[in-house]
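*Asks:* Got a structure for you, questions after.
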Amino acid sequence: RALAQAAIREGGDSTEARLDFMARRLVSRPLEPSEAGMLSRAHDDFLEHYRGKPDDARALISTGESRPDPSLDPAALAAWTMVANSLMNLDEVLNK
């Protein structure tokens with residue numbers, strides 16, 4: 001969630017800019033167009049899911065010791081958290 005919050009606050013206003021922000025921190029390179037497209041679609045799917053299930057979004061972002069930023073939309077933060085989770089589970093990240 002911390003990476004998702006940083007991407008929302010510091011990564012820019014577009015999905016592409018936020019994906020690039022996360023990728024450069026996790027894999028130390030920009031995403032390939034196919035990777036960015038897949039993650040962008042995943043983000044959109046996550047966002048749609050969490051907008052329809054706000055309780056799920058709040059449950060996800062409240063996990064952990066740190067508190068979520070209350071100024072951020074819970075559905076957006078949950079969606080970006082899941083994108084960060086997807087990136088963090090890449091072999092490239094785990095074996096870096």
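The values are calculated or read from the model by the stated rules, or taken from the named source; none is laboratory data. All values reported here derive from a predicted model rather than from experimental measurement. Surface areas here come from the heavy atoms of the whole protein model, side chains and all, with no ligands, DNA or RNA. Shrake-Rupley method; radii C 1.70, N 1.55, O 1.52, S 1.80 Å.
*Asks:* Excluding ligands, DNA and RNA, what is the solvent-accessible area per residue of the chain at a probe of 1.4 Å, expressed in Å²?
*Replies:* 60
*Asks:* Quick one: what are the phi-derived ³J(HN,Hα) couplings along the range 4-14, Karplus 6.51/-1.76/1.60 with θ = phi - 60°, whole Hz, x for glycine and proline?
*Replies:* Those phi angles translate into 4, 4, 5, 5, 5, 6, 10, x, x, 9, 9 Hz.
*Asks:* How much of the accessible area of the chain, in percent, comes from carbon and sulfur atoms when a 1.4 Å probe is used?
*Replies:* Whole-percent figure for carbon plus sulfur exposure: 50.
*Asks:* Can you give me the relative contact order of the range 26-96 as a percent, contacts being Cα pairs under 8 Å and 6 or more apart?
*Replies:* Relative contact order for the range 26-96 comes out at 40 percent.
*Asks:* Run lengths n ≥ 4 of DSSP H only: what is the helix-derived mean residue ellipticity at 222 nm for the chain, with -39500 (n - 2.57) per run over all residues, to the nearest 500?
*Replies:* -21500 deg cm²/dmol
*Asks:* So for the chain, what percent of the C-alpha to C-alpha distances run longer than 21 Å?
*Replies:* 27
*Asks:* Here is a further query. State the extension gain, in nm to one decimal, for the chain segment bounded by Thr63 and Arg9, taking 0.36 nm per residue of separation less the distance between their alpha-carbons.
*Replies:* Length gained, Thr63 through Arg9: 17.5 nm.
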